[in-house]
1. Pairing the Cα long axis of helix 48-60 with the longest principal axis of the chain, what angle in degrees results, from 0 to 90 and rounded to the nearest 10?
2. Taking the mean number of other Cβ atoms within 10 Å as a proxy for protection, how do you rank 135-141, 268-274, 295-301, 254-260 from highest to lowest?
3. Report the trypsin sites (Lys or Arg not before Pro) located in segment 321-405 that are in a DSSP loop and have at most 14 other Cβ atoms inside 10 Å of their Cβ, or state none.
4. Provide the packing ranking of 77-86, 49-58, i.e. peptides ordered by the mean count of other C-beta atoms within 10 Å per residue, highest first.
5. Report, by chain and number, residues whose modeled amide H sits under 5 Å from the one on Gly252, excluding near sequence neighbours (fewer than 5 apart, same chain).
6. Dipole of segment 32-122 (Lys/Arg Cβ +1, Asp/Glu Cβ -1, origin at the Cα centre): which of Ile118, Gly76, His44 lies farthest to the positive side?
7. Starting from segment 391-436, pick out the GluC sites (Glu not before Pro) whose DSSP state is loop and whose Cβ has at most 10 other Cβ atoms within 10 Å.
8. Suppose every Lys and Arg Cβ carries +1 and every Asp and Glu Cβ carries -1, with no other charges. What dipole size does the chain come out with about its Cα centre, to the nearest 20 debye?
Amino acid sequence: MDDPMDFMNYELKYVKTEGGLGWFSCLPAKDTQVMEAVQYLQNHPNDDFMHKYLLDLLGESDEHELEKLIDEGKRGNFLLLASTYEASVLFTKFHYLQKKFEDVDVPNLTNYTPSIYIKWALDKNYLSRRFWMRVFSDNIYGHRPLPSLEDIEFPVPPSLNLQNASEAGKKVVHIRDVWSKSSRTSLNTGTSLRIVPPKETVKKALDTLAAHNVLTAWETRTESSLSPYGLERVWNVDVKVSIGRNNLRLRGSQKSYGKGLKIHQARASYLMETVERCSAFSSFCHGQAIGYKKEFNLVKSSYTDLRHKGLNVLDPNTIGLEIPYENQELYWIVADQMDKNGSHKIYVPAQFVFLFCNLDEISLTTGITSNGLASGNTMDEAKLHALLEYIERDSEKIGFWSQERCFLLETEEPAVGDILSSCKKKGIHIQFLDMTPDFGVPCYKAFVKTITGGILKGCGAHLDGKIAAVRALTELAYPYPYWCGSIPAPKEIKTAYYEELPNYSSGNVSQDLDTLERLLIMNNFHPIYVDLTRKDLDIPVVKVIIPGLEMMPVLDRFSNFNERLFINYLKTLKSKRTGEKGNV
């Protein structure tokens, strides 16, 4: 790569954990002031790390300082002007300053930023979107009842073709119609379904990560969840990017968590999470992603140009973007997509695949998460877990809370029963929400309502409903004994029995993967796989993208209208009127 002196050095810093996701910032290693950041961006306009850092600096300014910067931008510094307009949109204290842009060609400012914020603010449905996303997020994350159609401020968006989408929903293929062709059933009652025993997984992953100096510090116990065993460990990040005008180095640390009913399950969990996250941080040089068993050559082009060359290309607008993609040039890599005839090549945006991917291009989102990223003892195992996570995150994002879909869980299984009974004695009242999608893959949210009204939750999906429920339970972020007290469940809540939860698992990883792939394809969801197995680690890792399902797992103010979301809203209102109880 280039001389290190030519690189902009960044440090990866932890910001917060919210909604079950960790949030990080990439900060310049050297103290950088506003105008220094602006000057740097003049030569590196698509450096997303520096751009977000600049916005954070502007957010820390007072109103008088920002007004002066707006005036400075109006004197011909369009990059600064665009950034100050973004600040007026993003930070409430600056909203009133948008009036200073009345004499500015604001749409033109989109040419001076790599971010989506200006386009988001200019969207004709801006106010309606913010209203609906607030209503939906209050329900999903705060368990506030959904308002009826008669009580809403904005109508259901007329641009959504809910009639056609609803008709398509009636043709859904349920997993029992696919699974019924197999006579095998799962006897697995753990938190996962893996080919290799956890102890063997631990040995291989630990030896491999240690040999390549990935791990740092020591393994520690954590009580951040209800899992009987919770472990965490810090590991190193160090990647370089030399693509186009971007020459940078990102260093820092990440922390991986592992949870399980047994100590070896928790240890395998955090080690394999480390493998998958480490594999998704990539260095780029000479037009390639570096260090993978499969070679990734970057192709810079627009969607239509690639299509005109006769190539199969993922349309970014099929994965629920916050702002529509408008055929800008991007960096693309080759992946594999499944259909009823097998696998075929498809080009996908590199920024959808790699974590903290900062290439010389615009950003299509506010930030890509690790959704759909998984490791495994085999590639089939990695794919199965990636698909299940993607389904889980999709189900949570469009799965509304309603009391009719909630239940308590009872069981005679000792390990699970001990967690539930122990929590009950301590005043921790655990409820479950059935988030199972229309195609029937069991998906549940375990939650606790705190005495202050907050919602703590954990989610899980699996072909075996028992495993899905245990995953949700052990993911529940309730840091007992440091945070006590919760609100009991309503007296009218129903009870479900752990042993009777639906089970469509064969007990065989490859067979379950085949079942899940066929189910998705029959419902017109065609999984895309990117093999991220590294040469040095040589442990299978995959990133999955499923067009038609939600890639962006968090519902927030930037989220866009979604036909499936509104259909579920209408279904939830109907089930509340009719008393429909859900799947369990």
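1. Result, in degrees: 80.
2. Peptide ranking by packing, descending: 268-274, 254-260, 135-141, 295-301.
3. Lys340
4. 77-86, 49-58
5. It is Leu12, Val237, by chain and number.
6. Towards the positive end, the residue furthest out is Ile118.
7. Passing sites in segment 391-436 are Glu412.
8. 1400
All of the numbers you see were taken from the coordinates with simple rules; none came from a lab. A quick note: this is a predicted structure, and the numbers were derived from the prediction, not measured. Methodologically, a virtual Cβ is constructed for each residue, glycine included, from the backbone with ideal geometry; neighbour enumeration extends over all protein chains shown.
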